[in-house]
1. Rounded to whole Hz and in sequence order, give me ³J(HN,Hα) for segment 533-538 from the Karplus expression 6.51 cos²θ - 1.76 cosθ + 1.60, θ = phi - 60°, writing x for Gly and Pro.
2. What angle, in degrees between 0 and 90 and rounded to the nearest 10, separates the Cα long axis of helix 3-68 from the longest principal axis of the Cα atoms of the chain?
3. So what J values fall out for segment 814-822 if you push phi through Karplus, 6.51 cos²θ - 1.76 cosθ + 1.60 with θ = phi - 60°, rounded to Hz, Gly and Pro as x?
4. When the dipole is taken about the Cα centre of segment 332-397, and only Lys, Arg (+1) and Asp, Glu (-1) are charged at their Cβ, what size is it in debye, to the nearest 20?
5. Ignoring everything except DSSP H segments at least 4 long, calculate the 222 nm mean residue ellipticity for the chain; use -39,500 (n - 2.57) per segment, divide by total residues, nearest 500.
6. How would you classify segment 643-760 from its alpha-carbon gyration tensor, with a ≥ b ≥ c the square roots of the eigenvalues: rounded for a/c under 1.5, else prolate if a/b is greater than b/c, otherwise oblate?
7. Cross-link candidates for residue 805: which lysines have Cα within less than 16 Å, leaving aside residues fewer than 8 places away along the same chain?
8. Residue by residue through segment 608-613, which ³J(HN,Hα) values in whole Hz follow from phi under the Karplus form 6.51 cos²θ - 1.76 cosθ + 1.60 (θ = phi - 60°), with glycine and proline marked x?
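Nothing in this text is a laboratory measurement; each read-out follows from the coordinates by a stated rule. Note that this is a predicted model, so its numbers are computed, not measured. Here the Cβ is made from the backbone with ideal geometry for all residues, glycine too, and neighbour counts use every protein chain on show.
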Amino acid sequence: MTLRAKILAVYSGMIVCLIAVFYSATRFILLASFTGIEEDRVMRNMERVGSALAGEVEQLDFITRDWAWWDETCAYVAGRDEGFFRRNLNDVTLGALKIDAIVFVDPAGRVVYGTGFDGGAGAKTPLPGELARALVPGGPLTTHRDPRDRTAGIVALPSAPILIASRPILTGEGRGPIRGSLVMVRSLDSRMIRSLAAMTHVSLVIEPFRSTGLGGEFLRARSELLRSRADIVRPLGREAVTGYRLVPDIAGTPALLIRVMSPRDIYMRGLRTLHYLAASMLAIGLAFSAVFVVVLDRVILSPLGRLTARVDAIATSSDLSSRVKMGGRDELSRLAGSINGMLVALERAQEVLRRSEQDYRALFDNMLTGFAYHRIVSGADGKAVDFVFVEVNSVFEKLTHLARDSVVGKKASEVMPGLLRDDFDWIGMYGRVALTGATARVERYSSYHGKWYSLSAYSPRSGYFAILLDDITGRKHAEERMEHLTRVLRAIRGVDQLITREKDRGRLIAGACDGLVKHRGYSHAWIALLDDAGGLAGSAESGVGGGFAGLVERMKRGDIPDCGKRALEETVPVTVADPPSSCPSCPLATAYKRKGAMTVRLGYGGRVYGLLSVALPPGMTADDEESALFGELARDVAFALHGLEIEEGRSRVEASLRRMALDLKRSNMELEQFAYVASHDLQEPLRMVTSYLQLLERRYRDRLDPDAADFIRFAVDGADHMKRLISGLLEYSRLGTGDRPFAPTDCEAALDRALANLTVAISESGASVTHDPLPAVMADAEKLVQLFQNLVGNGIKFRREAPPKVHLSAARSGEEWIFSVSDNGIGIEPKFAERIFVIFQRLHGRDDYPGTGIGLALCRKIVEQHGGRIWVESRPREGSVFRFTLPCDRAAAAGGGTGWAGSGR
Ligand code: ADP
């Protein structure tokens, strides 16, 4: 219903109600007033009728008094005037008096005379019996106590009511005594009633009160009058109004029922006025309504309609940037302003909502997990039987290959009919979640999708559930792969442990095969060893079974299987996905059914020792990592084979070395023996040469010329030098014989002894020899003294002009001591650094510096015998530093105290 229609309906209703209320009020007031007037008039009419009736009675009473107070009447009653009637009461007189009966009663109450009179006929009639019975002696009509007594009124005779008046009969002056009573009667007949009606101008009906022939209206009025005794006014339809009055008789009992009827002209006029008023009000109302509608339309409805249309247009277009235009400064324009304000707020709110929606959508779509929202569908028993997709995100689409548009709003049974037949009761689980609010987390393989899923389900509201889905197929495969690789690694570790201790080639390869199969890393394994010519040199297997014998036979004939041939050419393992199909002739085809195989050559250091082949567990394929691991394993086995080969070679070399060492030792000993014998045996002839030369000089000094004496001296010098050489050589050769066991030796003590031996040289040269703290070592003390003596002696001997300074020190380096003997002497050219340690090698002539060239050779031999090495660091004229090493030794350190002995001097 439009606002216009509503306003019109309300307004019309209001107008109608107003008119109705006004009409009702007016009608009530006006008609009540008119009815009052009407009632008053009826009452007045009844009063008039009553008055007229009373007037009739009064008139009858007056006539009666007139006739009663008359001497002639007195005389008549007293019986003394017989002509009274003749004179006074003839028919004419009676007709003029308009009475219907006259009765004379004596003082005793007896009727003296009475006659009726028919006015119409103008003749006397007998006194009606009912009237005579009404004149009871002693009653008010027949007996008067006082001259002023009077009885006048109405008496309801059974046949008809009458007006009756009774006066005491008195003298003409109205004095007594009372001679009787005069009663006059006038019938209240239709004639009188008509007369009364004419007199009062009303429609009049008079009925005896006790009448049995009364109509319904009269009966009701009579009973009401009996109750209330008051006049009644009652409308009789729209045309007339009636008034009822009770008229008592002379005894005061109800005698007559008067009904006065008046036309309702006042009332009807009032009604008409009312109708005119209502009609004019209606007309005015309609006119006002018309004006109101026009004004309303102009001022409110049309602008409101335009406003509504504009708002509708905005609502239809959903363009919240539109605005409503409305001129003026009334409420509608303010409403338009408010709507615009609301549109602005809505626009902002929509923007916020849109952003929030975008954020939500972005969050939803960019989740790294598949998300789907569903409504559960329950059966008649309340159990979940299906579910409907409400929303899914893009990751879900990708994971399940179910496009959003093709699933949203649809049932799972339509979209994924196979899901209901899946091994896992997905619907049951979802039903529990959606209907009980429980959560669920599962990792399941869906045979429908052929994938492993990690799935969490929860219910945000009853009857609905959401799932978070991750494809963990990769992870599961990786776990399986990891498990497999772990077994492979365990197998490899077992094999590695085996090959480090196993020295037998046959047991090595058999153990390797067993190890590979034992930990279920591989189902079968075999190794074939090949010789340089490619022939089979050995074989082992584990788990392969009977087919391996056939393979061995083939390889013995030099027929290597295809995979083996390829593996021999490749450095990396050769993988065969399905050996039976790619290599049907292989004797292992049956054993390798549904299993991949890897074959790799056992190569190390450019040498190929054979082939290693394994079968993968069913359903497993080898990846790069496993291939690399397998390659490593093959290298380890090959390395072990290589080690065995090297071991065999080294044993051979060691044996020959041992033989060579023995030969060398023997030849050395022979050489030393020779040197010893030679130097020992040479000493005697040399001594003889020297002795005879000295004898010759002594005996023949005078006979020899100076040259001969010089020659003899040269010969003696040469013999001396030779002697020194021979004794040096003897000393050198003796160094290797009669070795004493090493003992903890204090180097400082050894140095002290060496310096004691050098006392002369030191004092002659003015040398100063100093040293830092020196350690104790395991050594032959005598040799150590000789070592220090030679080095310090050389430092003094090969001095320059300045007094020689020799300093000794020792520093630890790892497991050895490095000793340094430095001097400030002539120095050595670096190119001679090696040569000076060779026996008999000297850099100077004997004239410059005496010596035999054996000292440093001895030093090197002593140092090397103690497990050390010796070298020199020097430059000419810059002094020399001779360094040698000796091993550190705990025992020596313990024996020598802290390892350091003595202190610098
Ligand atoms: P000798 O001392 O008997 O000559 P050595 O074997 O002791 O024999 O020395 C070999 C040579 O090394 C010496 O002739 C000398 O030339 C050189 N030499 C040895 N010690 C020193 C030194 N401290 N300073 C310079 N030269 C030296």
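1. Listing the rounded values in order: 7, x, x, 6, 9, x Hz.
2. 20
3. Per residue, the Karplus-derived 3J(HN,Hα) values read x, 9, 9, 9, 10, 8, 10, 10, 10 Hz.
4. Values: 7 positive and 9 negative charges, 71 e Å.
Approximately 340 debye in magnitude.
5. Working: 26 runs with 447 residues, N = 905.
Only helices count here, giving -16500 deg cm²/dmol.
6. Details: a/c = 4.45, a/b = 2.01, b/c = 2.22.
It comes out oblate by the Cα gyration axes.
7. Leaving aside lysines fewer than 8 places away in the same chain, those within reach of residue 805 are 797.
8. Residue by residue, segment 608-613 yields 9, 9, x, 10, 10, 9 Hz.
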